Structure formats: C-alpha cells, structure tokens
Amino acid sequence: MTDHSHSRSHSTADDGAKILPSPDRLQSELAETTLELVAFDTANPPGETRAIVDWFESELAGLGLETDRFAVDPDKPNLLAWLSGTSERSLCFSGHLDTVPYDPDGWSRDPLGERVDDRLYGRGATDMKGAIAAMVTVARGFAESGIRPPVALMFAFVSDEEIAGDAGTKALLEANRLEVDACLIGEPTSTGSDHSITVADRGSIWLTVPIFSSKQQHLSQRESNCVSLGLTQNVCCHCFSSLSK
C-alpha cells in the first residue's frame with residue numbers, strides 16, 4: 001500500500017482555516033492509487049475480492065472512516081464505509097471491484113498495471129478501478145483536511161458485478177444495507193463527451209422468447225428461414241420500443 005503518511009495531518013491556511021489538499025497532489029495520489037488497485041487480480045470469474053477489500057479496509061479505517069465488511073460469499077466480500085457530513089442527507093459512491101477476464105498474451109503492456117508517461121494501462125483501469133480510486137481520493141481529501149462534506153458520504157465497494165452475480169450489490173440491497181438519498185456510480189459513460197453523466201439507468205432484463213418455425217435451420221440460411229427471422233426481429237423491435245418509452 002502506498003505510504004500516504006506524509007499527508008495525514010490536516011491542511012490549514014495561514015489563518016487556521018481548513019483547506020482541501022491541492023489538486024496536483026490529489027491527481028498524483030489518484031494515479032498511484034489506481035495502479036495499486038489494478039495490481040490486484042480480480043478477474044471474474046472467479047471474482048475473488050478478499051485481498052483488495054483488505055486494502056480498502058486498511059486504507060479507509062486508517063483515514064478514520066467507519067468500515068463494515070459484508071459477504072454472502074466468503075471469496076467475494078464487499079466493503080461499506082461512512083464519512084459523516086454536516087447534514088442528515090446522504091450520498092453513496094459505489095463501484096465494483098471485479099473485472100472481466102484477460103489473456104496476458106494479448107497485451108502489449110502489463111495487464112496488472114503499467115504507467116507510461118501520462119497513460120496508465122491495465123485490466124480494469126477504466127472499468128472501474130480508476131473510478132473507485134477517485135472515490136478513495138475523495139475520502140482522503142475530506143478526512144485529511146478535517147473538512148466535513150455537506151452530506152454524509154457512504155462508500156460501497158462491491159463484488160460480482162461483471163457476471164451479474166448475487167454476491168455484490170444485489171446482496172447488499174436484499175440486506176437493506178444501501179439506504180441513502182442518492183447514489184453516484186463510477187461506471188464510464190462518455191455518451192456525449194469525454195466527461196458525461198448518465199442520470200439513472202434501466203438496468204438489464206432477461207427474456208426467453210420461444211420462436212417456432214415449420215423447419216429448423218441455422219441462422220446463416222436467411223433466405224430459407226425468413227419466417228422465423230422476421231418474427232424474431234419483430235419481437236425484438238417491439239420489446240425495444242416498449243422499453244424505450
């Protein structure tokens with residue numbers, strides 16, 4: 001774990017007012033933290049998160065945050081942490097710890113983290129260890145400055161997202177552990193620009209639609225299979241149209 005002990009004391013201005021750490025220092029620490037998190041192999045499957053949760057628990061508890069490890073699968077724990085604010089309203093920063101699998105032979109850089117000039121490479125650097133590193137940086141900035149945020153902050157670092165499993169957010173919701181006024185999820189969007197925000201999301205829905213044809217054929221045989229293909233297309237278009245309203 002990176003030694004941040006040089007900056008544990010609260011930052012103050014000459015008149016004694018508390019101030020947040022400088023953006024340059026936070027940016028440098030953000031890059032270091034992201035590299036540390038990418039170094040944890042949390043590819044899912046198998047999605048093991050014990051080691052990375054140990055890191056988060058030590059880091060955030062060291063900053064004075066209240067932490068709570070929650071697990072329905074001992075190999076895939078989640079971590080919750082809290083930082084009190086100046087009001088009773090609450091905001092949750094949420095991000096998943098697991099990544100999709102990777103083939104090291106398919107990488108020209110180290111998939112477990114490599115920095116080249118101003119670029120950082122590694123599995124999960126974008127999705128989404130960079131984002132959860134930013135959340136840690138938020139907690140670090142408030143904790144070390146002594147400034148209380150305007151709302152209470154919850155941090156939810158969860159497992160089992162990449163396979164839509166039951167051990168992460170779903171388990172926390174079922175246990176009523178995510179009761180907050182609002183939630184910010186650090187998934188990359190970039191729908192309109194390099195820095196875009198998506199408000200809410202429909203999530204996913206799984207449907208099983210039986211399609212019957214007088215003759216069973218491979219999809220590549222389009223000309224002779226036009227009846228079932230046309231029906232499938234109509235069903236999909238109708239579902240998409242309904243969900244888009």
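Where a number appears in this text, it was derived from the coordinates with a stated rule and is not lab data. Since the model is a prediction, treat every value here as computed from it, not as a measurement. Ideal geometry is used to build each Cβ from the backbone, glycine not excepted, and the neighbour counts take in all protein chains shown.
Some observations on this one:
- Backbone HN-Hα couplings from phi across the stretch 174-189 [Karplus 6.51/-1.76/1.60, Hz, Gly and Pro as x]: 5, 8, 6, 9, 10, 8, 9, 7, 7, 9, 10, 9, x, 4, x, 10
- Ordering Ala143, Val100, Ala71 by Cα displacement along the dipole of the stretch 5-185 toward the positive end leaves Ala143 in first place; charges were set at the Cβ atoms of Lys, Arg (+1) and Asp, Glu (-1).
- Label-point separation in nm, Glu88 to Ser196, each point 7 Å along Cα→Cβ: 3.8 nm
- 3J(HN,Hα) from dihedral phi, the stretch 54-67, Karplus parametrisation 6.51/-1.76/1.60, rounded to Hz, x for glycine, proline: 4, 4, 4, 4, 5, 5, 6, 5, x, 7, x, 7, 6, 10
- Using C-alpha pairs under 8 Å with a sequence gap of at least 6, the mean separation divided by the residue count of the stretch 5-185 gives a relative contact order of 33 percent.
- Amide H within-cut-off set for Asn78, under 5 Å, with H built and near neighbours excluded: Phe70, Ala71
- Couplings 3J(HN,Hα) for the stretch 78-91, derived from phi with the Karplus relation 6.51 cos²θ - 1.76 cosθ + 1.60 (θ = phi - 60°), are 10, 10, 10, 9, 9, 10, 5, x, 8, 9, 7, 5, 9, 10 Hz, where x marks Gly and Pro.
- Quarter the surface of the alpha carbon convex hull of the stretch 46-182 and you get the mean projected area, 9.2 square nanometres.
- Taking amide H atoms as placed 1.01 Å from N in the peptide plane, the amide H of Arg123 lies under 5 Å from those of Leu112, Gly113, each 5 or more residues away in sequence or on another chain.
- Other residues whose C-beta falls under 10 angstrom from the C-beta of Arg115 contribute a net charge of -3, scoring Lys and Arg +1 and Asp and Glu -1.
- Rounded if a/c under 1.5, otherwise prolate or oblate - the stretch 115-190, Cα gyration tensor axes: oblate
- Amide H contacts of Gly186: Ser94, each under 5 Å away and 5 or more positions distant or on a separate chain (H built 1.01 Å from N in the peptide plane; Pro and chain starts excluded).
- Taking 0.36 nm per residue of separation and subtracting the current Cα-Cα distance, fully stretching the chain between Ile147 and Tyr102 would add 12.2 nm.
- Net length available on complete extension from Leu178 to Asp68 is 38.4 nm, with 0.36 nm assigned per residue and the Cα-Cα distance removed.
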